[in-house]
Amino acid sequence: MKTMKSAEETSKAAKLNLAGLLGVVDRAWEGAWAARVVCLVLFFDTCMLLSLRVGIVDWATTGSTQLNFGWFIVALTAYCLVAGLIFPPALDIIRSLTIQMAPSRSFTNERQLKSVYSTAILDKALRAESQFWLDYYQDRVEKKRSSLANGEAFAGLLVATLCLTCVNGMIGQWYSSNASIVSGFFLWSGNIGILAAMVVVSGALGTVFQVWTASPTIHIYDPELAAETENERIKNLKDFQAALAPQRPFQK
């Protein structure tokens, strides 16, 4: 009986471990989660090269025993310090400089021509005392704000990943006698790795630039109200032009 119980417990533990492994593999397709894992691994590899002159790759292959629990505590504390206190203000500075140097973009599609500012929908809901339009306004605004927040967070993770990749590669190339993860990858892959890295970096920078230069203004789709707003704008423009036009002298 004890053997059967132990076998059942072993089987349950194996199933739980397999489920956990599949959960990790499934989350690997989430960009934000994957970027956090990459940042953590690169940071620990950089810390090992700076303090022990041994990277994760060499540690895994040679089985060095220089690491201890205290080292992991210090490295984890340093990671939290950099990620929580140092990197956010630095990211804000980089973002501000990017926005100031970026050229202005004006792209309007057909859907935007049939959309209005979110405040116009709110005014419409309050005037009509309509719960439908109020719910519609709240739903669209919450989705837009959530999309902007997720985009900003993902762009920050991409910048952090690129920065740590550069630091890890430079330390492995010039500071330490042992290769880092990044420098070891380029030594192993050669020109193909360089080409792949250029494609990945270009895509990441393009994503960051698109997120940072996106307009924070919230537009809501309402063709009828958009047409009314455009007609009113045209009418006001004509009235303004008529008021500025010189008055003709009276002719008998």
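The values are calculated or read from the model by the stated rules, or taken from the named source; none is laboratory data. Please read all numbers here as calculations on a predicted model, not as lab measurements. So basically every Cβ, Gly included, is an ideal-geometry build from the backbone, and we count neighbours across all protein chains shown.
When Ser106, Ser51, Ser96, Ser115 are screened for being hydroxyl-bearing (Ser, Thr, Tyr) and modelled with pLDDT under 80, only Ser106 passes. Reported count of residues in the range 168-196, each being part of a loop (DSSP other than H, G, I, E, B), touching a residue at least 60 places away in the same chain (Cβ under 8 Å) and not aliphatic (A, V, I, L, M), is 4.
Tell me whether the range 199-221 contains one or more residues that are assigned to a loop (DSSP other than H, G, I, E, B), touching a strand residue (DSSP E or B) at 6+ places or on another chain (Cβ under 8 Å) and modelled with pLDDT under 85. Yes: the range 199-221 contains one or more residues that are assigned to a loop (DSSP other than H, G, I, E, B), touching a strand residue (DSSP E or B) at 6+ places or on another chain (Cβ under 8 Å) and modelled with pLDDT under 85. Within the range 54-93, the set of residues being surrounded by 11 or more Cβ atoms within 10 Å (Cβ to Cβ), more than 32 Å from the chain's Cα centre (by Cα) and small (Gly, Ala, Ser) comprises Ser64 only.
Going through Gly172, Gly193 one at a time, which residue ends up being touching a Ser or Thr at 6+ places or on another chain (Cβ under 6 Å), modelled with pLDDT under 90 and closer than 30 Å to Leu52 by Cα?
After applying the criteria, what remains is Gly172.
Pairing residues of the range 136-161 that are crowded, with 18+ Cβ neighbours inside 10 Å with residues that are not basic (Lys, Arg) and not in a helix (DSSP H, G or I), at Cβ distances under 6 Å and at least 6 apart in sequence or on separate chains, gives Arg140/Ile220.
Quick check on my filter: what residues within the range 222-239 are under 32 Å from the mean Cα position of the chain (by Cα), of a type outside the set (Gly, Ala, Ser) and either surrounded by 14 or more Cβ atoms within 10 Å (Cβ to Cβ) or at pLDDT below 80 (or both)? Full working, then the answer.
So the first thing to find is which residues in the range 222-239 are under 32 Å from the mean Cα position of the chain (by Cα), and the list is 222-223, 226.
Subsequent filtering for residues that are of a type outside the set (Gly, Ala, Ser) retains 222-223.
Result: Asp222, single match.
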